[in-house]
Amino acid sequence: MSEELNPMEKFDFLLGTWNLKSEVPKSKFSDHDLGEGKGEFKRILNDRYVTFDYRIEYSNSTVGAHAIFVWDNKCKNYKYWWYEDSGAFSQAACDFIDDKTLCLNWSDSLFVQTFQQTETGNIQLEMRYPKNKNEYEVVLKVLLTKFE
């Protein structure tokens, strides 16, 4: 890479292996459920991409996915592609709203998702959906704790 700053360095606080504790609140999308699993963020292909692979076991199902983050130099924003083992897939535009918070806006829905570092070694993932014109309802919460 050249001497200029690699935009993918902003992902450094997410890199590593994580224990995942998930809560799916009851909503119009699903019943309440809890799950646990593991996930890993890592750099690939000359540090130009960051991948996120995870697997979570819920009470009646197991969910696994592969995701890819990249800096789009033409559009000057980050892009995200997500592929679930069920065959579901989607994409999002995303950006950092501060040094420890990544916000994603999904292109095919009204979901908004954040990864926020709450303290060193802990990340809070939340997915929200509009409840009305002023509020968002949390439809997924995942606590990521750095694997030692």
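Bear in mind these aren't lab numbers, they're just calculated from the coordinates by the rules spelled out. In this text the structure is predicted, and so the values were computed from the model without any measurement. Note that we place each Cβ from the backbone using ideal geometry, even for glycine, and neighbour counts take in every protein chain shown.
Tell me the chymotrypsin sites (Phe, Trp or Tyr not before Pro) within region 9-110 that lie in a loop according to DSSP and have at most 13 other beta-carbon atoms within 10 Å. Intermediate values should be presented prior to the final figure.
Numbers: sites: F11, F13, W18, F29, F41, Y49, F52, Y54, Y58, F69, W71, Y78, Y80, W81, W82, Y83, F89, F96, W106; in loops: F29.
Here the chymotrypsin sites (Phe, Trp or Tyr not before Pro) that fit, given the DSSP loop and packing criteria, are F29.
Could you give me D for region 51-132, from Stokes-Einstein at 10 °C and 1.306 mPa s, where the hydrodynamic radius is the Kirkwood radius over C-alpha pairs? Units µm² s⁻¹, please.
Details: Rh = 14.0 Å.
Translational D for this selection: 114 µm²/s.
Please sort by residue number the GluC sites (Glu not before Pro) in region 2-81 whose DSSP state is loop and whose Cβ has at most 10 other Cβ atoms within 10 Å.
E3, E4
What longest region of the chain stays clear of trypsin sites (Lys or Arg not before Pro) that DSSP places outside H, G, I, E and B and that have at most 15 other Cβ atoms within 10 Å?
Details: sites that count: K26, K28, R48, K74, K76, K131, K133.
The longest such stretch corresponds to 77-130.
Quick check on region 7-146: what are the equivalent-ellipsoid semi-axes from the Cα gyration tensor, as sqrt(5λ), descending, whole Å?
Details: eigenvalues 103, 66, 45 Å².
The three semi-axes for region 7-146 are 23, 18, 15 Å.
Under unit Cβ charges (Lys, Arg +1; Asp, Glu -1), what dipole magnitude, rounded to 20 debye, does the chain have relative to its Cα centre?
Using only the charged Cβ atoms, the result is roughly 300 debye.
With 31 Å as the limit, write out which pairs from K42/K141; K21/K131; K26/K133; K38/K133; K26/K76; K28/K76 have Cα-Cα distances beyond it, or answer none.
Details: K42/K141 22 Å; K21/K131 24 Å; K26/K133 20 Å; K38/K133 35 Å; K26/K76 37 Å; K28/K76 35 Å.
Distance filter (> 31 Å) returns K38/K133; K26/K76; K28/K76.
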